[in-house]
Amino acid sequence: MNISKKDINALTAELSITLAPQDYESKVENAIKKVQKQVSMPGFRPGKVPVSLVKKQHGKSILVDEINKILNETLYNYINENKIEILGNPMPKEDSKIDFDAQVEWTFNYELGLTPQFDLKLDDSHSFEYNVVKIDDDLVEKYIKDVKRNYGKPSNPEVAEAKDVLYIDIVELDADNNVVAGGIFKSTSIGIDRLKNEAAKAKLIGVKKEDKIIINANELYDTAVDKSISLAIDKEVAENFNSNLQLTIRNIARMEDAELNQELFDKLYGAGTINSETEFKDKIKSELAVLFSQDTDRKFVETVEKTLVEKLNISLPDDFLKRWLMAVNEKPLTKDQLEAEYPSYAKSMQWKLIENKIIKNNNIAVTIDEAKEEASNYVRSQFARYGQVPEETEVAKIVDGILKKEQEAQKIFEGLYSKKVLDVLKTSCKLETKEVSYNDFFGITE
């Protein structure tokens with residue numbers, strides 16, 4: 001066997017592997033013997049088919065399979081042993097002329113996309129904005145309002161208000177507002193505040209139980225789809241349905257806000273943990289700070305990524321990567337789609353190279369114990385969403401299952417590496433911390 005590497009340029013190389021009979025014959029013969037034990041053929045007992053017949057029927061496919069195994073092993077062993085850093089996977093060159101029928105010695109050529117070399121030093125010469133959400137009184141009050149609504153109690157008032165839900169019977173009326181015999185009849189519910197038609201809202205605010213209200217279908221519903229679903233009629237019928245409807249109010253439902261008192265504090269945090277409205281607001285401020293810290297770090301990383309990708313402007317083997325993407329994409333990819341999507345892919349690849357450089361420069365590693373702890377925390381959080389506390393043996397069993405799945409385990413490890421890269425960025429670079437309003441932080445315009 002002969003292996004040679006030729007650099008095409010700084011970002012691509014060609015690897016050639018020449019195989020002679022002594023490199024594959026014994027492996028092929030062993031594979032044929034294995035097939036012989038399994039193959040069945042009329043006139044012969046199972047496992048007793050002559051080798052000559054097995055070769056005649058299966059020889060070429062066995063040869064190709066064994067050659068591919070040898071090539072794959074040889075290729076990656078050479079890359080690993082020579083510490084060649086590549087992007088994507090080796091690509092077979094189309095100019096390789098292979099004839100398994102006429103040849104016994106072949107040369108296979110592969111193109112490699114090489115990882116570009118660049119320098120990166122993180123220190124206080126790199127300055128980045130680190131915006132945090134300002135936890136002001138308005139934000140706290142908004143949060144408290146949501147808490148009171150979420151922990152409120154249902155009631156059935158006599159008179160409807162703007163945020164109430166009405167339980168109603170709907171019947172179809174004719175042009176003279178008489179009930180249509182055999183027409184639409186439907187029991188349903190309507191949230192007044194979800195109606196977009198202000199005239200419809202005005203008619204429903206202030207109604208009482210057993211009131212009858214006449215309203216046009218086009219006032220009550222915005223689209224034919226809405227009419228179709230609510231009234232249980234075909235969409236084609238709903239397209240032209242514009243009759244008046246009679247709504248009979250059967251019940252009114254309202255969610256009364258919870259009172260801001262010790263009962264609510266104990267329900268949220270346990271008995272005696274919070275004992276005053278002031279303590280409650282302080283607790284909310286600390287919770288919001290933790291909640292928004294993830295958004296702060298996410299935006300910070302986005303800023304660092306954009307800045308460093310543009311500043312370093314790392315060259316990539318673009319032509320190679322485009323061919324590789326076309327070859328490995330699960331869904332067929334047109335050249336136009338590739339050209340449109342490649343710039344985004346290239347930036348993502350450049351950032352991944354920067355991340356890897358940070359990992360290497362700072363000797364960052366993730367242990368299996370750290371992965372297990374991360375997965376355990378995730379499992380516990382999923383149980384907590386439903387108010388459950390799992391046994392540790394159950395957690396360990398689920399974690400073991402997660403880490404045995406390659407893709408799931410990869411997510412866990414990649415997440416931990418990203419967290420450690422974030423820590424390096426925050427401690428190595430200069431951060432200009434600035435408080436901004438909730439709306440400014442999330443780009444909300446009122």
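Structural remarks
- The residue that is nearest to Ile79 (Cα to Cα), among those in the range 1-15 that are under 39 Å from the mean Cα position of the chain (by Cα) and among the polar types (S, T, N, Q), is Thr12.
- So Lys48, is it out of contact with any strand residue (DSSP E or B) (no Cβ under 8 Å at 6 or more places or on another chain) and closer than 30 Å to Leu325 by Cα: no
- Tallying residues that are among the hydroxyl-bearing types (Ser, Thr, Tyr) and surrounded by 12 or more Cβ atoms within 10 Å (Cβ to Cβ) within the range 393-422 yields 2.
- Cβ-Cβ under 8 Å pairs, at least 6 apart or on other chains, the range 414-442 side outside any helix (DSSP H, G or I), far side surrounded by 14 or more Cβ atoms within 10 Å (Cβ to Cβ) and hydroxyl-bearing (Ser, Thr, Tyr): Leu431/Tyr130; Glu432/Tyr130; Thr433/Tyr130; Lys434/Tyr130
- Strands (runs of 3 or more DSSP E) lying entirely in the range 82-177 (those with 3 or more residues that are surrounded by 13 or more Cβ atoms within 10 Å (Cβ to Cβ)): 86-92, 106-114, 127-133, 165-172
- Residues in the range 3-57 that are touching a residue at least 24 places away in the same chain (Cβ under 8 Å), of a type outside the set (D, E, K, R) and part of a helix (DSSP H, G or I): Pro21, Tyr24, Val28, Ala31, Ile32, Val35.
- Extreme residue, surrounded by the fewest Cβ atoms within 10 Å (Cβ to Cβ), among residues of the range 31-65 that are among the basic types (Lys, Arg) and at pLDDT below 80: Arg45
- Options Asp222, Asp211, Asp234: the member that is within 15 Å of Ile184 (Cα to Cα) and among the charged types (D, E, K, R): Asp234
- Residue among Val328, Val304 that alone is crowded, with 16+ Cβ neighbours inside 10 Å, touching a residue at least 40 places away in the same chain (Cβ under 8 Å), in contact with a strand residue (DSSP E or B) (Cβ under 9 Å, 6 or more places away or on another chain) and among the β-branched types (Val, Ile, Thr): Val304
- Cβ-Cβ distances below 9 Å connect the following pairs, each with a first residue in the range 202-226 that is closer than 22 Å to Asn156 by Cβ, a second residue that is in a loop (DSSP other than H, G, I, E, B) and charged (D, E, K, R), and a separation of six or more residues or different chains: Leu204/Asp164; Ile205/Glu161; Ile205/Asp164; Gly206/Glu161; Lys208/Glu158; Lys209/Glu158.
The values are calculated or read from the model by the stated rules, or taken from the named source; none is laboratory data. None of the values given here were measured: they were computed from a predicted structure. Here Cβ is always computed from backbone atoms with ideal geometry, including for glycine, and neighbour counts include all displayed protein chains.
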